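To start, the structure under review is shown below, and the notes come after it.
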Amino acid sequence: MGKRMCETLKKNRDAAWVCMALGFLIGASALLLGGMDPILSSVSSFLVVGGIFNKFDIRDRLGIGKGSCNGKNNRAGESYWLKASDPTTPASDLEKLSHSKEKGIRISVALNPSTPPEVLEGLLQDEDGDVRLSVASNPNVPHEYLKMCAHDADRDVRLSVVANPNTPSDVLDEFARDADRDVRLSVVANPNTAPDTLETLARASDDDIRIAVLRNPNVPLSALREYALDDDVNVRQLVASNPKTPIDVLDELSRDAHHAVRAAVAKNAATPTRILEDLSHDDDMNVRQFIVLNPNTPDSALENVLDHYETKPWEREMKGFIALHPDAPPSVLRRLANDDDKDVRLSVALNPKSPPDILELLSKDGNSCVRRSVARNPNTPPHVLETLSRDEYEGVRLTVAMNPKARERRI
């Protein structure tokens, strides 16, 4: 493994991208296998952090020197590196590994979530900035150590402190006044940043910082009210989509001149039904589409949207959204079950909330695909399945056989 890794790394000069690719690959693989294993978590974090800061040659960071790409030395180094990354490694062993001459091994110890505080404190004095950076990125690093890292001479170490979600809000408030724009952006993105700090940053003229403030879960109401009047459509759109936005502000934005802002209000799960009702008459198709997709849309609003689709042939395909809506009222589904478009009727037949009488009506549809969808629907009554089991089309009969209700009654 070590020899192959070295050969691959010799061919890749862009070390940062290789690090990030390996890190994300390990993390994604672990999640797909049923959750992040602690060891893979450490390895993944190490590689991703290394790639992000793009300050090192990957062979050095992994503790693989130029002369270690073959033989026992490489295998031994690999063993130490994995041990340093393993959360089950005893504290005494981690303490010894923290004094390793190999920078990559010290980094692994610094990132290990099981590394004792006293060992992390020692690594804070490491002469290499990448090691100190890794301490600041450790998810379990004590708050007092983060405060120590906040005054580090290395800019990347300070950025790691600001990016750590465990960094105390008072430290983040101090960084909010930093001259470095990237530092201020990281403060805004941190979920631990206090509302008062965000309110101060919200007054910045920097568009990226203002948008980042709106995306923070702690965004203050004062910022939402102020940005609702912003000239930038993207800023108003973010206010309109925020679940914390006051109702009176959503009401005002629902009449915004730009359709994207009104669509964001229509999509917001916190938008009151009264406003959704008004937006169901909107002239813009995208706004009405989000009305259909909003789980809180009242029945009357769905009826209004359907009326628009009936009178505008170029929007007829949008009726399928309503037909599949989990809370579409029976009156709406009944109208759609009689639609001229077979795809709309098929969507009604697929809706698991379609009432039995509507499914019975569609079981007699002239289109076999519609009848097959009825046969698949878990809400189809047994006597309807009984009839469909004798359908002239084999596909319909086979679909009935796969319906759980049919298997229970041995239809």
Among the residues of the range 255-282 satisfying the criterion of being assigned to a loop (DSSP other than H, G, I, E, B) and of a type in the set (A, V, I, L, M, F, W, C), which is farthest from Ala301 (Cα to Cα)? Ala257
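Look through Ser254, Ser160, Ser169, Ser241 and report the one residue that is over 25 Å from the mean Cα position of the chain (by Cα), of a type in the set (Gly, Ala, Ser) and surrounded by 14 or more Cβ atoms within 10 Å (Cβ to Cβ).
Details: Ser160 fails: over 25 Å from the mean Cα position of the chain (by Cα); Ser169 fails: over 25 Å from the mean Cα position of the chain (by Cα); Ser241 fails: over 25 Å from the mean Cα position of the chain (by Cα).
Result of the check over Ser254, Ser160, Ser169, Ser241: Ser254.
For the range 141-227, which fully contained helices (runs of 4 or more DSSP H) count at least 2 residues that are farther than 22 Å from Val131 by Cβ? Working first, answer last.
Numbers: elements: 143-149, 155-163, 169-175, 181-189, 195-201, 207-215, 221-227.
Qualifying helices (runs of 4 or more DSSP H): 169-175, 181-189, 195-201, 207-215, 221-227.
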Pair list, Cβ under 6 Å, 6 or more apart: the range 88-116 residue of a type in the set (Gly, Ala, Ser), other residue surrounded by 17 or more Cβ atoms within 10 Å (Cβ to Cβ) and assigned to a loop (DSSP other than H, G, I, E, B): Gly104/Leu62; Gly104/Gly63
Of all residues in the range 117-136 being aliphatic (A, V, I, L, M) and without any contact (Cβ under 8 Å) to a residue 40 or more places away in the chain, the one that is nearest to Leu159 (Cα to Cα): Ala136
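Among the listed residues Asp251, Asp231, identify the single one that is in contact (Cβ under 8 Å) with a residue 24 or more places away in the chain, farther than 12 Å from Thr297 by Cα and among the acidic types (Asp, Glu).
On the way: Asp231 fails: in contact (Cβ under 8 Å) with a residue 24 or more places away in the chain.
From the options Asp251, Asp231, the qualifying one is Asp251.
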Exception for Arg177 within (1) surrounded by fewer than 16 Cβ atoms within 10 Å (Cβ to Cβ); (2) in the same structural domain as Leu293 (by TED's automatic domain parsing) falls at (2)
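The values are calculated or read from the model by the stated rules, or taken from the named source; none is laboratory data. Quick caveat, the model's predicted, so the values are computed rather than measured. We place every Cβ from the backbone using ideal geometry, glycine too, and count neighbours over all the protein chains shown.
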